[in-house]
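Accompanying notes for the structure given below.
What follows draws every value from the coordinates through simple rules; no lab data is involved. Every value quoted in this text rests on a predicted model; they were computed, and no experiment measured them. Note that each Cβ is placed from the backbone with ideal geometry, even for glycine, and that neighbours are counted across all protein chains shown.
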Amino acid sequence: MSPVATPQVSPLPDSTVANELTALASAANNVEAKSIADSIALVLKKSPTTLHALQDAKIIDVVLIWASSKSASEREGAPVLVERLCKSLGTGVEGVFIPLIPALLSLSMDKGQSVRSAVTSAVNALVKICPAEGSRLVLDVLCRSLEDAKGWRSKVSALKAVEALVKPGNEEYVANELGHVIPYVERAMHDTKSEVSRVARQKSQANPRSPPPPSRPLLRSVVSYPMPTSSSMSQSSFPPWPRPVPSPTPSRLCRPPLSSPKSTLPPLPSWSPYSAEPSRSVLPTLNE
């Protein structure tokens, strides 16, 4: 934990683990803080209903109070508590902690390196326990945090969390939300802070574990640095046939130029409304 002479403990709401929370707020170092947080997680895990135990312990209220505290120990204690609870309680409690993502990401701008490291561990632990079906909710919170964040480190942490959400068995759910996520990532590519724009370009791949298609680098460059339309289309034009087709381009093959001598209209049929008189072979006879 960040060294302080006499840590000032913020007033806490009535909680079933008030003594442990008070000890966590004044922990001397990170190891001690994790040990106390593990003891809190063990008490909550033994409860018959974990969600009710979290509510009775006022964990959400405490994390929000500590996230905006002036005490470095409490600011570090907030993400440490979230990390240890997520790792201990596992899948099923992610819905309680997802609303805390904006508050955790705001701590990424903290001056203390230990606080920023604790935030990274907490967000990764929360994303890890989220099931594939909850990807949409998590992405929505991360995108709003990416848009509303004030500091550049908070935006970078949000982008890294989006990438961490792409895990085995989760690719299809994330792919279904790309239409919602891409505009936020595209705006991050044009962020005035170079650190944010660089990370946004690096994390713009939906699934880094699979080999990227040949068009992905071009599409990513066009989104980050728009190119002339003709140049972009010429580089991204792929033939619709299974085998490569040499020049000229498919668009020119579909329709000959107007100056070509072969570009003449096809002959009219034996009978048409525009012919002088219909052909007798086409019209039916009265006997028929």
Where labels lie 7 Å past Cα in the beta-carbon direction, separation of Arg198 and Asp14 in nm:
5.2 nm
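Please report Tyr173, Tyr184 as a ranked list, fewest other C-beta atoms within 10 angstrom at the top and most at the bottom.
Details: Tyr173 17, Tyr184 20.
Fewest-to-most ranking of Tyr173, Tyr184: Tyr173, Tyr184.
Label segment 79-215 by shape, choosing from rounded, prolate and oblate, from the square roots a ≥ b ≥ c of the eigenvalues of the Cα gyration tensor; if a/c is under 1.5 it is rounded, and otherwise prolate applies when a/b is larger than b/c, oblate when it is not.
Numbers: a/c = 1.81, a/b = 1.12, b/c = 1.62.
The shape class here is oblate.
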Trypsin sites (Lys or Arg not before Pro) within segment 11-94: DSSP coil, no more than 12 neighbouring Cβ in 10 Å:
Lys46, Lys70
Subtracting the Cα-Cα distance of Glu32 and Leu51 from 0.36 nm times their residue separation yields 4.3 nm
Which residues in segment 126-154 place their backbone N less than 11 Å from a point set 7 Å from the Cα of His180 along the Cα-to-Cβ direction?
134-144
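Express the relative contact order of segment 1-130 as a whole percentage, based on alpha carbon pairs under 8 Å and six or more residues apart in sequence. Kindly include the intermediate steps, with their values, before the conclusion.
On the way: 174 pairs, mean separation 35.8, N = 130.
Answer for segment 1-130 is 28 percent.
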I need Val43, Val199 ordered by Cβ neighbour count within 10 Å, fewest first.
Val43, Val199
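Ranked by Cβ crowding within 10 angstrom, fewest neighbours first, how are Ser194, Ser68 ordered? Spell out each step's value before the answer.
Details: Ser194 9, Ser68 13.
By the 10 Å Cβ count, ascending, the order reads Ser194, Ser68.
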